[in-house]
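Heads up, the thing below is written out as structure tokens.
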Amino acid sequence: MCGIVGAVARENIVPALVEGLRRLEYRGYDSCGVAVNSARGLERMRSIERVSHLDSRLRRARLESASGIAHTRWATHGAPAIRNAHPMLSGDALAVVHNGIIENYEALRDELSNAGYAFVSQTDTEVIAHLIHSLYDGDLFAAVREAVQRLRGAYAIAVVHEDTPHIIVGAREGSPLLIGAAEDGNFIASDALALTGRADRFLFLDDGDVCELTRDTIRVVTRNGEPVEREPQRISVENSAVELGSYRHYMQKEIFEQPEVVAATLRGVEALTPELFGDAAPATFDGIDSVQILACGTSYYAGLVAKYWLETIAKIKTDVEIASEYRYREPVTSRRALVVTISQSGETADTLAALKYAQSLGQTRTLTVCNVPSSAMVQLCGTRYLTRAGQEVGVASTKAFTAQLVALFMLAVTLGRERGHVTALRESQYLQQLHGLPQMLTSMLELEPQIVAWATRLAEKENALFLGRGLQYPVALEGALKLKEISYIHAEAYPAGELKHGPLALVTEAMPVIAIVPDDAMQEKMKSNIQEVRARGGQVYVLADKDAQIASEEGIHVIRMPAHYGPLSPVLYTVPLQLLAYHTACTRGADVDKPRNLAKSVTVE
Ligand code: G6P
């Protein structure tokens, strides 16, 4: 989704802006641009192509400057077009970049149009530019402070003015924004990663904060105008994730990193106790009567798997809800419920809002399972489990999902122990299984050549159906999501028992059906469902356990898993489905890491 980077320094900052944009590319975008204060005044350049295209144009124009702002845009208001790309100008003297959505932009646009401002874009951002311009009387900081008081919605902005080329002003409300400090200048960005190698100390802005940067100074005030006295913190921003190495795509690299990610998550884990989830966890977990999971996208599916584990292993009632639904209804809540948010980024607007909503309803026992330590969600939750997936670049989440599953399984066993439903012996068996996962995941990756053969056939289709039961149903949902988001094949997942209640009507030779058949109590039921598909001419692609009583025959194609892995089998079955989506998308020539219309971090609702 949209990304901001800005810099003010002694040197030419244009390369730093471009490098920052490159590091933000993974979030998904459809246009990009920069505005700098050069010797010629305020200059802007925008592109609806990749950052590399913008970079070559900037080089050709020999644009140099000691201060400026840059942006990658993911269209919300107005199509992806040059006229809608940021930075937005007002009076050819002021430039703004913006992440988020301004909800009252229509009223403001009418007001500013009446005051004589001409709008050239369809964006809500242009309203911010003109609003600040209309309030500007030589003090950019004061104008921005006054302007943001009139904005409703979510925003992170960075602003420059030609009159004060040594100043960048920023503000945030509901969208991430941080300041990076370095010896030779100061930076502003929506994601610390944009400043890798440039800044070594970071100051995270809070909602309502407005800041002013010069190359030597940082000034931050709160919504009420009180100065903020927080020292920038030293945090190390990972670099290695940005390197693709020998892989064709980040998604492929991240799928193959899963054994290592799970090993890192489990390193040093010798017992499943609340302390794994932080110092505050023993008190938070004590006496809970239920679990409420809130998440979006792939993280929501991790939550659905967790529900099975929490109810089966810890015997605790668990509800899982899509965050964008929960935040707008009146749920019946328990103050003794543990509210668990699951989020790779920790910035997903709906999950953050649902968490705040739960807190406003008196639900104070909160845990987040998150992959980004500096994220808003981690800061907002009383307890947190930080997955060690490393930075995930591919828009389609893979390794972060696996890491979430491992964390959630550990939560289920921990709560099971606390509540007296898991014996010490059982705990050690679970631990043994957990520690065996990296090796099992490696064997799963060895199935790749067989998956490629399936992908070649699947790539010719326009629809696919995924079936699973019990623990494997959420895995089927995740498999269908992966396939649709990167290959653009329409895919649906159903609990196999529902087949006869509708989706069977769709089954013809043109509808491949992917079925997950572990060697468990549901095996016979799944086999019957497969026969129902075959009887209608459907081609069935079966992922089955090594010992499952099902074999390849006319219309039934079986890939066998290395071994049955009990309650942790969802972690394993996920891998071939990721590979299937990946290779199908590659065969169709899709841009795997940047699927159309999608963003990595969804910071608007
Ligand atoms: C976007 C991403 C998905 C992700 C979802 C939730 O849609 O493309 O991969 O699952 O957001 O993101 P989160 O960071 O909260 O896990």
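The values are calculated or read from the model by the stated rules, or taken from the named source; none is laboratory data. None of the values given here were measured: they were computed from a predicted structure. All Cβ positions, even for glycine, are placed from backbone atoms using ideal geometry, and neighbour counts span all protein chains on display. Areas reflect the complete protein model, heavy atoms only, side chains present, ligands, DNA and RNA absent. Shrake-Rupley method; radii C 1.70, N 1.55, O 1.52, S 1.80 Å.
Accessible surface comparison of C586, C32, probe 1.4 Å, protein chains only, largest first: the order is C586, C32. Only aspartates and glutamates eight or more places from K356 in sequence, or on another chain, were considered; those with a Cα closer than 16 Å are E173, D206, D207, E321, E325, E330, E347, E605. Modelled label positions at I82 and V332, each set 7 Å beyond Cα in the direction of Cβ, lie 5.9 nm from each other. For K253, the lysines whose Cα comes closer than 20 Å to its Cα, not counting residues fewer than 8 places off in the same chain, are K399, K482, K484, K594, K600. Per-residue SASA remark: K315, around 110 Å² accessible (1.4 Å probe; ligands, DNA and RNA not included). With all projection directions averaged, the alpha carbon convex hull of the range 78-175 covers 5.7 nm². Taking the Cα centre of the chain as origin and assigning +1 to Lys and Arg Cβ atoms and -1 to Asp and Glu Cβ atoms, the resulting dipole is close to 760 debye. Counting each DSSP H run of 4 or more residues in the chain as -39500 (n - 2.57), what helix-only mean residue ellipticity at 222 nm follows after dividing by all residues, to the nearest 500 deg cm²/dmol? The helix-only estimate for the chain comes to -11000 deg cm²/dmol at 222 nm. A crude spin-label estimate for the pair E275 and E446, with each label 7 Å from Cα along the Cβ direction, gives 3.8 nm.
Within a straight-line Cα-Cα reach of under 12 Å, K527 can be paired with the following aspartates and glutamates, leaving aside sequence neighbours fewer than 8 residues apart in one chain: D519. Computed with every protein chain present, the accessible area of H421 is close to 90 Å² [probe 1.4 Å]. Computed from backbone phi, the HN-Hα couplings of the range 271-285 come to 8, 9, 10, x, 4, 4, 9, x, 4, 7, 5, x, 5, 5, 7 Hz, rounded to whole numbers (Karplus: 6.51 cos²θ - 1.76 cosθ + 1.60, θ = phi - 60°; Gly and Pro given as x).
Length available on full extension from D319 to Q531: 0.36 nm per residue minus the Cα-Cα distance, which gives 73.0 nm. Within the range 99-147, the GluC sites (Glu not before Pro) that combine a DSSP coil assignment with at most 15 other C-beta atoms in a 10 angstrom radius are E103. Note that the chain presents 38 Å² accessible area per residue, ligands and nucleic acids not counted, probe 1.4 Å.
If we count every other residue with Cβ under 13 angstrom of Q122's Cβ, Lys/Arg +1 and Asp/Glu -1, where does the sum land?
Taking every Cβ under 13 Å from that of Q122, the sum is 0.
Amide H contacts of V320: I293, each under 5 Å away and 5 or more positions distant or on a separate chain (H built 1.01 Å from N in the peptide plane; Pro and chain starts excluded).
Largest accessible area first, the residues R419, R59, R469, R10 order themselves as R59, R10, R419, R469 under a 1.4 Å probe with ligands, DNA and RNA left out.
Considering only alpha-carbon pairs that sit under 8 angstrom and 6 or more positions apart, the relative contact order computed for the chain is 12 percent. Classified by the C-alpha gyration tensor, the range 2-237 has a rounded form. Its axis ratio a/c, with a ≥ b ≥ c, is below 1.5. Electrostatic tally near V51: other residues with Cβ closer than 14 Å to its Cβ, Lys and Arg +1, Asp and Glu -1, net +3.
For the range 180-202, the residues whose amide N sits under 18 Å from a probe point set 7 Å from the Cα of D216 along the beta carbon direction are 181-187.
Between N463 and R223, the modelled labels are 4.9 nm apart [label points 7 Å from Cα along Cα→Cβ]. Measuring from centroid to centroid over Cα atoms, what is the spacing of the range 29-80 and the range 314-335 in Å? Rounded to whole Å, the Cα centres lie 43 Å apart. Expressed to the nearest 5 percent, the antiparallel share of DSSP beta bridges inside the chain is 60 percent. Taking every full run of DSSP H in the chain, the ones that stretch at least 20 Å from end to end by Cα along their long axis and average 0.5 or higher on the Kyte-Doolittle scale are 399-418, 569-587. Net charge of the neighbourhood of V228, taken over other residues with C-beta under 14 Å away and scored Lys/Arg +1, Asp/Glu -1, is -2. Semi-axes of the equivalent ellipsoid for the chain, computed as √(5λ) from the eigenvalues of its C-alpha gyration tensor and ordered from largest down, come to 45, 27, 22 Å.
Residues E524, E392, ordered by accessible area of protein heavy atoms at a 1.4 angstrom probe radius and largest first, appear as E524, E392.
Once you order the gyration tensor axes a ≥ b ≥ c over the Cα atoms, which shape class does the range 448-587 get: rounded for a/c under 1.5, otherwise prolate or oblate by comparing a/b with b/c? In terms of gyration-tensor shape, rounded.
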